[in-house]
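Data block below; observations after.
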Amino acid sequence: MQDDNKNIEQMADQIQPSPTQPRQDVDHGKTVGKIMLLVVGMFCFAFALVPLYDVFCRITGINGKTNVEAAVYSAPEVDETRTITVDFITRTHSGMPWEFEAQTRKVDIHPGQMGEVTFYVRNPTGRDIIAQAVPSVTPGQASLYLNKTECFCFQHQPLKAGEEALMPMVFYIDPQLPENINFFTLQYTLYDITETAEDAVEVAMN
Amino acid sequence: MTSATDTTAHVDGEHHDDHHHIPKGLTRWLFTTNHKDIGTLYLWFAFIMFLVGGAMAMVIRAELFQPGLQIVEPNFFNQMTTVHGLIMVFGAVMPAFTGLANWLVPMMIGAPDMALPRMNNWSFWILPFAFLILLSSLFMEGGGPAFGWTFYAPLSTTYSGDSTALFVFSVHIMGISSIMGAINVIVTIFNMRAPGMTYMKMPLFVWTWLITAFLLIAVMPVLAAAVTMVLTDKFFGTSFFDAAGGGDPVLFQHIFWFFGHPEVYIMILPAFGIISQIVPTFSRKKLFGYASMVYATASIALLSFVVWAHHMFTTGMPVAAEMFFMIATMLISVPTGVKVFNWVATMWRGSLSFEIPMMFAIAFIVLFTIGGLSGLMLAITPVDFQYHDTYFVVAHFHYVLVTGAVFSIMAAVYYWLPKWTGKMFDITLAKWHFWCSLISVNVLFFPMHFVGLAGMPRRIPDYALQFADFNKWISVGGFAFGLSQLIFLALLIKACRHQGESVSDQVWDGAEGLEWEIPSPAPYHTFDTPPVVK
């Protein structure tokens, strides 16, 4: 076999300088190792996509999610030349029995001006339920300019059986809002998270 | 075949101690590390899965023969569409290509076997178990997966049955099998080419498979991650895709299609390679534009990573993103067009003859192009809003996958079968198989364009009355196409029994390449001493 290989290499050399003579005696382990790095890397990359997607959406606003933390009102100059219409839509996720509605359906507001809307919720069932409201803005780009200084959606919303509540949301629109947006919709979806959040909110309810 | 060992010197007993004899019986197939045996196993497995997945398509078409619900429950219908898709993608097309790679890559580059023969055995033998798990989930209480092969969240997380766990594990096993297969192909091509076989001398089938293997390495782990997230969302309380817990269901689609789009090229690039082998043989000319074929394949592979969101236009993306994905998608038609024109240019003024592999290859070129054109239509964002989730999409991907990938696999089998068995297959049966398949496949899939444009949604067991006539024809075409494959089965059984006329080493008189220089049938061990490529 040794001789064979030698002969072949000689033959190959005579024919042309080939970049790749090595055959089965090559260390395949090295090549496999490199490929395995790629495999593991891509597996991790897929999980890295989860936070990357969040960051990307926060920067571009493409999925219409609003900031999950309260903004501080920086008292920008109110731009009275523009009036922005904000629509409020409420819905409950399927299987969520609460009544949930916006007391103000629509607000006309100048950029920079503070606005306040209240949402009414009632738990008509005989059991305690913890809810989570998830906001979504359409068009998504507007979410970057919607600043909420106070919102019920920042916390869980626990209601005892039969209880009702008014939940406030205070906001202002960044005067930087692009010229082409004069109207946007803020939608809240209420999810029943009693099962997953029981422990966490025990404290809050007492 | 046992006596047909090749002319190489086998001096030392240290390795190749099984050189003179082929092991017999079941253990030969269970323990084999021979690339040809494993190739055969893959191909038979793929064909069986093709028939199983096809049987599910027959259930779907039987239900859709008439409007109204008559044969199966809607939930079972959903399981059929789901498992049909999974089986055809992961059980039929991908293993068939891996089988062809096993048989042909070593023979084409002058290697004695795949680089990692034991892993090769593993990568095949875990596959039957993956599909056993998937298929057995259909018999569980509540049934098997019913959320479509794309397993969108929350369908697969919130609204699925307990059998989702089985689905996830079976996809994991399929993924591991594919990754091992891809590693083997890459290492073999990198390290085991015969002296003088430079990269730009490799046959195009080898080139396309090398690029496909890299796509597999890049995206199968992403699929594994996606199913893992579905698993933990469903059973362990995570919220990757659950808005209530801070996740986002649209994120699922991004991750899935980041895998999914390169996946469709995984299923078509080897087909391009096959056609690029067959067309020159029966045109008796060199392939037109070899280098441009290689670069076109590589560009398609690269572009496939930046077009995934064209599956998601209707999720509500910013206009700029829609524009980007639309244009990137349309750009893919450039390298694909290069390929189609190269094949046509190869045939141009060639000395054509129309043997069975060539007939399948020409059918591929025409019908795949139809599928490509409807793909181009789907890429246009504004019209996609109308076509999305209709039968037009079904027509599109069946043209590229059935008359594309599957026809290319059939072409490949007919082209290399005489080399594998040493006998010419039954040409009369093959002609029947070709013409029955060609006619029925168009009766089956072409009218889907019309009902799709008219608004018939996919994956629904019932439809509005105005679609009744077309659907009847579609179903008739479907049954005919299904039955036509039994002709293929009969032909393959005959071929495996080594019936038919013996063939020469070259088999086809225009065939060129290392695999045509070894004896027919291909000896159990080939190229123990590497050939020298000039």
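The values are calculated or read from the model by the stated rules, or taken from the named source; none is laboratory data. Just so it is clear, the structure is predicted and the values come from calculations on it, not from any experiment. Counting neighbours? That spans all protein chains shown, and the Cβs are built from the backbone with ideal geometry, glycine included. With ligands, DNA and RNA removed, areas are computed over all heavy atoms of the protein, side chains included. Shrake-Rupley method; radii C 1.70, N 1.55, O 1.52, S 1.80 Å.
Please go through the range B:212-252 and give me each residue that is more than 9 Å from every other protein chain (Cβ to nearest Cβ), open to solvent by less than 30 Å² (accessible area, probe 1.4 Å) and either acidic (D, E) or over 28 Å from B:M94 (Cα atoms) (or both), ordered by number. Across the range B:212-252, the qualifying residues are B:D233, B:F241. Answer yes or no as to whether B:F47 is crowded, with 16+ Cβ neighbours inside 10 Å, among the hydrophobic types (A, V, I, L, M, F, W, C), modelled with pLDDT of 95 or more and farther than 22 Å from B:P418 by Cα. In short, no. With respect to the conditions (1) assigned to a loop (DSSP other than H, G, I, E, B); (2) modelled with pLDDT of 75 or more; (3) within 9 Å of chain B (Cβ to nearest Cβ), A:M36 falls short on a single one, namely (1). Looking only at residues in the range B:152-163 that are crowded, with 24+ Cβ neighbours inside 10 Å and under 26 Å from the mean Cα position of the chain (by Cα), the one that is farthest from B:A244 (Cα to Cα) is B:S156.
The set of residues from the range B:142-168 being small (G, A, S) and touching a residue at least 40 places away in the same chain (Cβ under 8 Å) comprises B:G143, B:G144, B:A146, B:G148, B:A153, B:S156, B:S160, B:A165.
Just wondering, is there one or more residues in the range B:131-142 that are modelled with pLDDT under 95, within 14 Å of chain A (Cβ to nearest Cβ), over 22 Å from the mean Cα position of the chain (by Cα) and within 30 Å of B:G247 (Cβ to Cβ)? No, the range B:131-142 contains no residue that is modelled with pLDDT under 95, within 14 Å of chain A (Cβ to nearest Cβ), over 22 Å from the mean Cα position of the chain (by Cα) and within 30 Å of B:G247 (Cβ to Cβ). The set of residues in the range B:401-431 being open to solvent by 30 Å² or more (accessible area, probe 1.4 Å) and over 24 Å from B:A511 (Cα atoms) consists of B:L401 alone. Per the conditions (1) in a loop (DSSP other than H, G, I, E, B); (2) open to solvent by less than 30 Å² (accessible area, probe 1.4 Å), the sole criterion not satisfied by B:R61 is (1). Regarding A:K65, is this residue open to solvent by 50 Å² or more (accessible area, probe 1.4 Å), touching a Cys at 6+ places or on another chain (Cβ under 7 Å) and either within 14 Å of another protein chain (Cβ to nearest Cβ) or in contact (Cβ under 8 Å) with a residue 12 or more places away in the chain (or both)? Answer is yes for this residue.
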